[in-house]
Amino acid sequence: MYDIVFISYNEDLADHNYKTLCERFPIAQRVQGVKGIHQAHIEAAKTSVTKMFWVVDADAIIVEDFDFTYIPDFINQDAVHVYTSKNPINGLEYGYGGVKLL
């Protein structure tokens, strides 16, 4: 299993969402207070000790059936895997804000 890193920067529900994530996935780590999404991803990479790692944004709520066990084949380990998320405002589903495997 790859590391799971929760990234946050002053989001209102960050603490609640992190606690909820940890209840299901106690291995989750947190990177918080890093200004800039790119810089937060760099810090997440430094935090991780696995070859790849999952990134969960602070405003994401992980659905019950989401599975962090996917392991890409060798060819796809150099790719960014972006999972769809549901926009709570308009109900559309797309990759923006979704869980990422880097």
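The values are calculated or read from the model by the stated rules, or taken from the named source; none is laboratory data. Since the model is a prediction, treat every value here as computed from it, not as a measurement. Backbone-built Cβ (ideal geometry, glycine too); neighbour counts: all protein chains shown. Keep in mind that these areas ignore ligands, DNA and RNA; they rest on the heavy atoms of the full protein, side chains included. Shrake-Rupley method; radii C 1.70, N 1.55, O 1.52, S 1.80 Å.
One residue alone among GLU11, GLU43 is under 17 Å from GLY97 (Cβ atoms) and of a type outside the set (Lys, Arg), and that residue is GLU11.
One line per residue, one yes/no per condition, for (1) touching a Leu at 6+ places or on another chain (Cβ under 7 Å); (2) surrounded by fewer than 13 Cβ atoms within 10 Å (Cβ to Cβ); (3) of a type in the set (Gly, Ala, Ser):
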| site | (1), (2), (3) |
| --- | --- |
| ALA14 | no, no, yes |
| LYS19 | no, yes, no |
| CYS22 | no, no, no |
| GLY36 | no, yes, yes |
| THR50 | no, yes, no |
| ASP59 | yes, no, no |
| VAL63 | no, yes, no |
| PRO88 | no, yes, no |
| LEU101 | no, no, no |
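Of note, PHE6 does not satisfy the criterion of being touching a residue at least 60 places away in the same chain (Cβ under 8 Å) and open to solvent by less than 90 Å² (accessible area, probe 1.4 Å).
Just one of GLN29, GLN39, GLN77 is in contact with a helix residue (DSSP H, G or I) (Cβ under 9 Å, 6 or more places away or on another chain) and not aliphatic (A, V, I, L, M); which is it?
Numbers: GLN39 fails: in contact with a helix residue (DSSP H, G or I) (Cβ under 9 Å, 6 or more places away or on another chain); GLN77 fails: in contact with a helix residue (DSSP H, G or I) (Cβ under 9 Å, 6 or more places away or on another chain).
Selected residue: GLN29, the only one of GLN29, GLN39, GLN77 that is in contact with a helix residue (DSSP H, G or I) (Cβ under 9 Å, 6 or more places away or on another chain) and not aliphatic (A, V, I, L, M).
Restricting attention to segment 65-86, which residues are among the β-branched types (Val, Ile, Thr), outside any loop (DSSP other than H, G, I, E, B) and open to solvent by less than 90 Å² (accessible area, probe 1.4 Å)?
VAL82, the sole residue that qualifies.
Can you find even one residue in segment 11-27 that is touching a Pro at 6+ places or on another chain (Cβ under 8 Å) and either at pLDDT 95 or above or not in a loop (DSSP other than H, G, I, E, B) (or both)?
Kept after step one, since they are touching a Pro at 6+ places or on another chain (Cβ under 8 Å), are these residues of segment 11-27: none.
The answer is no, given that none of the residues of segment 11-27 is touching a Pro at 6+ places or on another chain (Cβ under 8 Å) and either at pLDDT 95 or above or not in a loop (DSSP other than H, G, I, E, B) (or both).
Residue pairs whose Cβ atoms lie under 6 Å apart, separated by 6 or more positions or on different chains, with the first residue in segment 25-36 and within 22 Å of PHE68 (Cβ to Cβ) and of a type in the set (D, E, K, R) and the second open to solvent by less than 40 Å² (accessible area, probe 1.4 Å) and at pLDDT 95 or above, are ARG30/PHE6.
Return a yes/no flag: does segment 46-63 have any residue that is of a type in the set (Ser, Thr, Tyr) and not in a loop (DSSP other than H, G, I, E, B).
Filtering segment 46-63 down to residues of a type in the set (Ser, Thr, Tyr) leaves 47-48, 50.
Checking which are not in a loop (DSSP other than H, G, I, E, B) leaves us with 47.
Yes.
Please tell me if ILE7 is of a type in the set (A, V, I, L, M), touching a helix residue (DSSP H, G or I) at 6+ places or on another chain (Cβ under 9 Å) and in a strand (DSSP E or B). Even if it seems obvious, please write down each step before you answer.
Numbers: of a type in the set (A, V, I, L, M): yes; touching a helix residue (DSSP H, G or I) at 6+ places or on another chain (Cβ under 9 Å): yes; in a strand (DSSP E or B): yes.
Taking the combined requirement at face value, the residue satisfies it.
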